[in-house]
C-alpha cells in the first residue's frame with residue numbers, strides 16, 4: 001500500500017558522517033551533517049498530512065538522489081550530465097543512512113522496519129531527493145503492533161521534543 005511520495009528540493013544530498021560524542025560539538029563535518037538531518041526532517045514534516053502516525057510495519061522504499069554537477073566538469077559534459085549515473089562520493093549506503101536517520105521516528109517507528117530499498121544516484125541541475133515508501137507487510141514473528149520498545153519510546157520523545165521546538169520557534 002503506497003503511503004507517500006516525498007520530494008525534497010534545494011538540499012544537496014549528503015552522506016552520513018562518523019562522529020564521536022565529543023566530535024558532535026567540535027567537528028565541522030559532524031555539525032554540517034546534523035544540520036542536514038534537521039533540514040530533511042522539517043522538509044518532510046511540512047509535506048505530511050496532519051495527524052500522520054509513524055508506520056509500524058515492514059516498509060519498502062524507492063529513493064532517488066539528485067547530485068549536483070561538479071563545477072570542474074567541462075561545459076560539454078555539464079550539458080549532457082543530467083540524468084546520468086553519479087559514480088563519485090558520497091557512497092550510496094552513506095546517502096541512504098543519512099536519509100533514514102533523519103526520518104527515524106517521523107515516518108516509521110524505527111528504521112529496522114525498512115526491509116527493501118531501491119536507490120538511484122544521478123546528476124541533476126537541481127540537487128535534491130525524492131522517495132516513495134510503501135507498507136509491504138506486517139511485523140516479524142513475535143513482534144506486536146503498538147508494542148513500544150525502549151528505542152521506540154526514545155524516538156517518540158525526540159519527535160515530540162523537535163515538534164515542541166518548532167512550535168516555540170514560530171511563536
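The numbers here are math on the coordinates, done by the rules we state, and not lab data. Given the structure is predicted, the values throughout are model-derived calculations rather than measurements. So basically every Cβ, Gly included, is an ideal-geometry build from the backbone, and we count neighbours across all protein chains shown.
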### Summary
So, with points 7 Å from each Cα along the Cβ direction, the residue 73-residue 35 label distance in nm works out to 2.5
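Give me 84, 78, 37 ranked fewest to most by other Cβ atoms within 10 Å of their Cβ, as a rough exposure proxy. Don't skip to the answer; put the middle values down first.
Numbers: 84 12, 78 15, 37 18.
Ordered by Cβ neighbours within 10 Å, fewest first: 84, 78, 37.
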### Task
With a/c under 1.5 counting as rounded, go ahead and sort the stretch 36-108 into rounded, prolate or oblate using the C-alpha gyration tensor (a ≥ b ≥ c being the square roots of the eigenvalues; past the cut-off, prolate if a/b is larger than b/c, else oblate).
prolate
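In which sequence would 29, 123 go, from the one with the fewest C-beta neighbours within 10 Å to the one with the most?
Details: 29 12, 123 22.
Ascending Cβ contact count within 10 Å gives the list 29, 123.
Neighbour counts of other C-beta atoms within 10 Å: give me 18, 113 arranged from fewest to most.
Values: 18 10, 113 20.
The order, fewest Cβ neighbours first, is 18, 113.
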